[in-house]
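Since the structure comes first, as structure tokens, the remarks are kept for the end.
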Amino acid sequence: MDWTLWVEWFIKALVVIFAILTGFAYLTLYERRALARIQTRIGPNRAGPQGLLQPIADALKLFFKEEFTPARADKVLFVLAPVMTVVPAMIIAAVIPFGTQFTLPFLNRPVTLYVADINVGVIYLTAIASIAVYGIVLAGWSSNNKYALLGGMRSSAQMISYEIALGICFVIAILLGNSMSLLKIVEAQKDIWFAVIQPVGALIFMITTLAEVNRAPFDMPEAEQELAAGYHSEYSGMKFALFFMAEYEKMIVISMIAATLYFGGYREFWFLKDTWFSVDQHWWLGPIYLLLKVIVLLFFMIWIRATWPRIRYDRLMAFGWKVLLPLSLALVFITALGILLADQFGAIYIWTIPVLSIIAGLVTTLLTNLSLRRKVAHA
Amino acid sequence: MTIDFILFLILALVAIAAALGMLLSRNAVYSALFLVLNFGTVAVFYILLNAPFIAMAQVSVYAGAIMVLFLFVIMLLGTETLPPSKSLPWQRPLAFILALILAGEATYLLLVRKAASGPIPQPVDTFGSPQAVGQALFNSYLLPFEITSVLLLVAMVGAIVLTQKDKGK
């Protein structure tokens, strides 16, 4: 193995990490501005033009804040917990493809636009996502504070529950892409996005990712009026900043995963396939397309936070286990059936998947609505 | 080969240290975390052996799902720290005898039966790939696979039935 390969890997890893860190800084600004716009406020616009220097000002403020460690806290784990939250959020991006490849002009060597293309990429995602629970649980426990502990408990229960439906949505993308490599899944969406073939799967994926990153309306671990600030009640200064960072990094990364699995990843819109705008013609369009898709998906997350109130905790668990899990299992069945039909009788039968899954989604919505209504009638 | 060997040595040391830490720490949360570290090193072993699928499955099943539940239970019950020196009287002699038997067996296998070891056949390229695992699970071992899943389901239903409050009373 020649040393230039190591240099290439090192540089690519650094670029990905810096991209996510910059993304985090500007996502905070993006969220504050977008929320302000939705709530007819102005938002932060003082530091720099349009508030563009606001993230830097925030970072400086957090550096100079006092760090406080509770006397009865478990010191080792108290320091380790924020680190264990941030690290999975970063390393999960290693398998996401940002584009195809290009040739370096002078060295004449091809450089691929992803850190690693392993044939078990999707399982890597689930493995790292399941590791991410530890940081939050340990933060709650090591603070030695009952609100923090309850927050940690809630988050672990919630993340484990929603991980199952999330994993099943991964399975749908694996079935449609016929591979576990994210690169092959993206290339399989050359002709049409998986979100068009399996719209309900994409929707469930988006819902479960909201629960996985503890965003509104599933932000039970940090429900202010019940738990103070949940698992990070006792954290201040840079340690709090790390939790904050992890949440926003996870938002970015999970949007990238959603874009990769269901919205064509770095590929153009399918109707631009053979035009100038295709990634096959110009490799540098790949990261730009991915960035555009991530920005749109992030806007949906912010929009949801601005629109919906928090869901009650028991409803949240019931929704995960009794609605999302059976529905996603049904979707796997429908997807497999559609692929089988398309194999046997011709490609047109692939359209049984969206038809049947939309019917399944509507039936589920109807039944959920009915069961909720009956409860109201009882009371 | 040499890089693999150095990696193996370091990983083995970490794995043993983590296992010892899990046994010796008096705090159940630390024990659980040491066990997670141990599972992590075992996963890296699998990657060294060219089986990334099993490595990822190891991380997501053991480290990600089972140990999180362990931690959950430990924290929920509030039994983090053991009371000092509450060992069972018959535990030490029994452990001594069992360890002796294990050492004897290992000595026998290494010294007496060493002639039996031949060249190890090289695995094929697709060994341990998701396709190979899937083919094996759903073709050759379909019945055991289905029975295992039914057993797990029954165990889960049983646990739910046991913990459910009796609504009749």
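A short reminder: the numbers here are calculations on the coordinates, not readings from a lab. All figures in this text were calculated on a predicted structure; none of them were measured in a lab. Positions of Cβ are backbone-derived with ideal geometry, glycine not excepted, and every protein chain shown enters the neighbour counts.
Full extension of the chain between residue B:145 and residue B:91 yields a length gain of 15.8 nm, computed as 0.36 nm times the residue separation minus the alpha carbon distance. Along the axis of the charge dipole computed for chain A (Cβ charges of +1 for Lys and Arg, -1 for Asp and Glu, origin at the Cα centre), the listed residues A:189, A:98, A:42 are led at the positive end by A:42. Across chain A, the mean sequence separation of Cα contacts (distance under 8 Å, 6 or more residues apart), normalised by length, yields a relative contact order of 20 percent. Does segment A:61-213 come out rounded, prolate or oblate, given a ≥ b ≥ c as the square roots of the eigenvalues of its C-alpha gyration tensor, rounded meaning a/c under 1.5 and, failing that, prolate meaning a/b above b/c? It is oblate, given that a/c is not under 1.5 and a/b is not larger than b/c. Can you tally the net charge around residue A:121? Count Lys and Arg as +1, Asp and Glu as -1, for every other residue whose Cβ sits under 14 Å from the Cβ of residue A:121. Summing Lys/Arg as +1 and Asp/Glu as -1 gives -1.
Exposed loop positions in chain A were taken to be GluC sites (Glu not before Pro) whose DSSP state is not H, G, I, E or B and which have at most 14 other beta-carbon atoms within 10 angstrom. Between these positions, the longest stretch is A:68-379. Ordering A:209, B:163, A:364 from the fewest to the most neighbouring beta carbons within 10 Å gives B:163, A:364, A:209. Under the simplified labelling scheme, the residue B:103-residue A:45 pair shows an inter-label distance of 7.9 nm, with each label point 7 Å from Cα along Cα→Cβ. Each Lys or Arg adds one and each Asp or Glu takes one away; over the other residues whose Cβ falls under 11 Å from the Cβ of residue A:44, this sums to +2.
This ranking places A:2, A:117 by how few other beta-carbon atoms lie within 10 Å of each, fewest first, which gives A:2, A:117. Take chain A, drop everything but the C-alpha atoms, weight them equally and run the Debye formula without solvent; then report log10 I(q)/I(0) at 0.08, 0.11, 0.13 Å⁻¹ to two decimals. Per q value, in the given order, log10 I(q)/I(0) is -0.45, -0.86, -1.17. For segment B:1-82, the Cα gyration tensor yields ellipsoid semi-axes of 27, 16, 5 Å (square root of five times each eigenvalue, largest first, whole Å). Dividing the radius of gyration of the alpha carbons in segment A:1-84 by their Kirkwood radius gives 1.15 for Rg/Rh. One decimal place: the segment residue A:238-residue A:3 gains 81.0 nm when fully extended, by the rule 0.36 nm per residue minus the C-alpha distance. Dividing the C-alpha radius of gyration of segment A:75-116 by 2.2 N^0.38 Å, with N its residue count, gives 1.87. Of the trypsin sites (Lys or Arg not before Pro) found in segment A:1-42, those that fall in a DSSP loop while having at most 12 other beta-carbon atoms within 10 Å are A:41. Taking the convex hull of the alpha carbon positions in segment A:279-376 and averaging its projected area over all directions gives 9.7 nm². Hey, with R₀ at 22 Å, roughly what FRET efficiency would residue A:340 and residue B:66 work out to, going by the Cβ-Cβ distance, to 0.05? For R0 = 22 Å, the calculated efficiency reads 0.05. For chain A, adding -39500 (n - 2.57) for each run of n ≥ 4 DSSP H residues and dividing by the number of residues yields -21500 deg cm²/dmol at 222 nm. Ordering A:191, A:74 from the fewest to the most neighbouring beta carbons within 10 Å gives A:191, A:74.
When the pairs A:65/A:239; A:61/A:146; A:250/A:273; A:61/A:293 are compared against a 21 Å limit on Cα-Cα distance, A:61/A:146; A:250/A:273; A:61/A:293 fall above it.
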